[in-house]
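Worksheet: the structure to be examined is printed underneath.
The values are calculated or read from the model by the stated rules, or taken from the named source; none is laboratory data. All figures in this text were calculated on a predicted structure; none of them were measured in a lab. Cβ atoms come from the backbone with ideal geometry, glycine included; neighbour counts cover every protein chain shown. Ligands, DNA and RNA are stripped out before the accessible areas are found, and what is left, the full protein with its side chains, is counted by its heavy atoms. Shrake-Rupley method; radii C 1.70, N 1.55, O 1.52, S 1.80 Å.
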Amino acid sequence: MNADATILVVDDLPQNVRLLEAVLAPRGYDVVAAASGAEALERVAAGGVDLVLLDILMPGMDGYEVCRRLRTDDASRFLPVVMITASGEQEKLAAIEAGADDLLAKPFDQSELLARVRSLLRIKDYHDTIVAQGAELAAFNRELEERVKDQVDQLERLGRLRRFLSPQLADLVVSSGDDSFLESHRREITVVFCDLRGFTAFAETVEPEDVMHVIGEYHAGMGDLVHRYEGTLERFTGDGLMVFFNDPIPVDDAPVRAVRMAVAMLGRFGQLAEEWSRRGFDLQIGIGVAQGHATLGRIGFEGRSDYAAIGSVTNLAARLCEEAGPGRLLISQRVYAATEHLLIAEPVGELSLRGFSRPARAYEVAGLDPARARA
């Protein structure tokens, strides 16, 4: 299993080198020679040596010093070294103290030499395997740490985006790595504005815990529909919320989605209001929907930001919401023009809305036409 191993024979006597080569080479070992301690250290440093047969008595740097230097170098710290000695116990003790793995007495027995070489090379194989596996494990751990860091970064980024995007959009942004849409830009959008009726009186007469519980149910019910229709939730404002469509991802049917969601909100709110009524709470909802251009993008400061739409279209939706009576849905002229084929709606005439110099034509939606619209 180690027949292709490289063995460095370190001896200043050529005849000793030839003798060891004659024993080792026929067994398939690659034998290289060094005539001095300094040459041996250079050869080991060059790499590729699997085992060293090291004579103790050499001019200049003896075998003990060579072995000590090999052991102080991390690259050769575990390189098998067999020291060859011709004397007694004192030299054997010194060889062990210098760091030799084994000793071989002169004259050596060929079978003993080969057995010791095979044993040490087998141990080196085990050590090399452990080192290689350690390196692979370290590389795997680094890769794993990088992956975990990337995933944590993605989760943190996703968490930030989920504050103002639907889950579908947030996931898309994180997977693509593109958040350029957060920069300020202009686009036509459809805005839905919802507001609770009777909330002020409700908040003044019940315990704060009940107020928070009702608000939580209201937000959960409406938020589920926002996600279902893939709208962008700009903000919750206590008893109100604003959602828009066609940004950041363009859609061809923004008014249709907006009206469908608004009708679904009326239905969902009816279920909530029925349950609240049994608990003595009298709340209703009004909804306004408008279409127009707005400036959109990220607003806020470091550590806290929102994705907002700014423009007269948001004010129009809010004012239509103000005009809508309890349980009513009012839409603007442009929204009606884009969705009238789906609706059961009646004109309410031109409304004088707060903040607008000219009256605005509006329509009240009774529901979706079952013959032409699917829920």
Choice from Ala138, Ala25, Ala220 with maximal GNM fluctuation in the chain (Cα, 10 Å cutoff): Ala25
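Once you wrap a convex hull around the alpha carbon atoms of the range 200-268, what is its projected area averaged over all directions, in nm²?
Details: hull surface 19.6 nm².
Reported value for the Cα convex hull: 4.9 nm².
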Cα-Cα separations in the range 67-106 greater than 11 Å, expressed as whole percent: 60
Apportionment of accessible area to carbon and sulfur, the chain, percent (1.4 Å): 52
FRET efficiency, Ser357 to Asp252 (Cβ-Cβ, R0 22 Å, nearest 0.05): 0.10
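Rg to Rh for the chain: what is it, with Cα atoms only and Rh by Kirkwood? Don't jump to the answer; show the numbers that get you there.
Numbers: Rg = 41.8 Å, Rh = 27.7 Å.
That ratio is 1.51, to two decimals.
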GluC sites (Glu not before Pro) within the range 97-141, DSSP loop, no more than 12 other Cβ atoms inside 10 Å: none
Per residue solvent-accessible surface (Å²) - the chain, probe of 1.4 Å: 53
Fraction of antiparallel bridges per DSSP, the chain only, in percent to nearest 5: 65
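Can you give the local net charge around Ile215? Use residues other than it whose beta-carbon is closer than 12 angstrom to its beta-carbon, Lys and Arg +1, Asp and Glu -1. Provide the component values of the computation, followed by the final result.
Numbers: positive: none; negative: Glu209, Asp210, Glu217, Asp239.
Every neighbour counted, the sum reads -4.
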Per-bin percent of Cα-Cα distances, the range 240-375 [5 Å]: 2, 10, 18, 20, 19, 15, 10, 5, 2, 0, 0
Residue-count net charge about Glu39 - beta-carbon cut-off 15 Å; Lys, Arg +1, Asp, Glu -1: -4
Overall Cα dimensions of the range 305-375, principal axis frame, Å, largest first: 40, 34, 24
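Can you sort Ile287, Ile299 by 1.4 Å-probe accessible area, starting with the largest?
Values: Ile287 0, Ile299 85 Å².
So, going from the largest accessible area down, we get Ile299, Ile287.
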Heavy-atom SASA rank of Asp11, Asp150, Asp252, Asp282 (probe 1.4 Å, accessible area, largest first): Asp252, Asp282, Asp150, Asp11
Theoretical gain in end-to-end length, Asp224 to Ile130 [0.36 nm per residue, Cα-Cα removed]: 28.4 nm
Average Cα contact separation per residue, the chain, under 8 Å, 6 or more apart, as relative contact order %: 11
Quotient of C-alpha Rg and 2.2 N^0.38 Å, computed over the range 245-315: 1.47
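Quick check: with the 1.4 Å probe, what order do Val192, Val32 take by accessible area, largest first? Write down the numbers at each step before the final one.
Working: Val192 0, Val32 30 Å².
Largest to smallest exposure gives the sequence Val32, Val192.
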